[in-house]
1. Could you tell me which residue of the range 114-147 is least open to solvent (accessible area, probe 1.4 Å), considering only residues that are of a type in the set (S, T, N, Q) and under 27 Å from residue 35 (Cβ atoms)?
2. Has the range 29-44 got any residue that is within 14 Å of residue 19 (Cβ to Cβ) and of a type in the set (Val, Ile, Thr)?
3. Pick out, from the range 65-176, the helices (runs of 4 or more DSSP H) lying fully within it that include 1 or more residues that are modelled with pLDDT of 75 or more and of a type in the set (S, T, N, Q).
4. Run down 69, 19, 59, 33 and say which single residue is surrounded by fewer than 17 Cβ atoms within 10 Å (Cβ to Cβ) and more than 27 Å from residue 119 (Cβ to Cβ).
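The values are calculated or read from the model by the stated rules, or taken from the named source; none is laboratory data. Remember, predicted model here, so these are calculated numbers, not experimental data. A quick note on method: Cβ atoms are made from the backbone with ideal geometry, for glycine too, and the neighbour counts reach across all protein chains shown. These accessible areas exclude ligands, DNA and RNA; they are computed on the full protein's heavy atoms, side chains included. Shrake-Rupley method; radii C 1.70, N 1.55, O 1.52, S 1.80 Å.
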Amino acid sequence: MAAPPRLETADADTAVEQLYAAHWRQLVRLSVLLVHDQGAAEDVVQDAFVAMHGKWSRLRDPDKALAYLRQAVVNRSRSALRHRVVVDRHARRTTLGDVTVDGPSVAGARRDAVRAALLQLSDRQREVLVLRHYLDWSEAQIADALAIAPGSVKAHAHRGSAALRDLLGDWWEDGS
């Protein structure tokens, strides 16, 4: 069996086929870690391969094609996450704006909305906000528990609170 051609001498079809066979699984695993969804991750990786195939002739160093693919997967995963947040935000505004809740169920609806919004934050932002607002810990206690600097606690709290304001609107303003 002949050795496969080197990527710098291979045409786009052959090169992408070789890269796909050798690296598809690891690229999907990378994307799954970022988007937390197997189907979305497979779509992201497939799109990255298609884009690379279309730009193969413009690739300066074909031996760096795998690095290009990894970066494309990371960038496309980030885009997928941003798109998901926008879609979720729009859907939430539509459903929350159409629903009127009376009586004691307001607390339950609010709790459910906050829980859903917290799940959309980064792990670190969620940890900081939960420790601060639900356990009433100080910045120093949070920093110690999470093994991060107090300044990082402030930054994560600020960014997380801003994201919750965007996701929950008046409900977060009233409850924070």
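1. At the first step, the residues of the range 114-147 found to be of a type in the set (S, T, N, Q) are 120, 122, 125, 138, 141.
Then drop every residue that is not under 27 Å from residue 35 (Cβ atoms), which leaves 120, 122, 125.
On the way: 120: 56, 122: 54, 125: 31 Å².
For the range 114-147, the residue satisfying everything is 125.
2. There is no residue in the range 29-44 that is within 14 Å of residue 19 (Cβ to Cβ) and of a type in the set (Val, Ile, Thr).
3. By residue number, 65-98, 123-133, 139-146, 150-168.
4. On the way: 69 fails: surrounded by fewer than 17 Cβ atoms within 10 Å (Cβ to Cβ); 19 fails: surrounded by fewer than 17 Cβ atoms within 10 Å (Cβ to Cβ); 33 fails: more than 27 Å from residue 119 (Cβ to Cβ).
Criteria check complete, one pass: 59.
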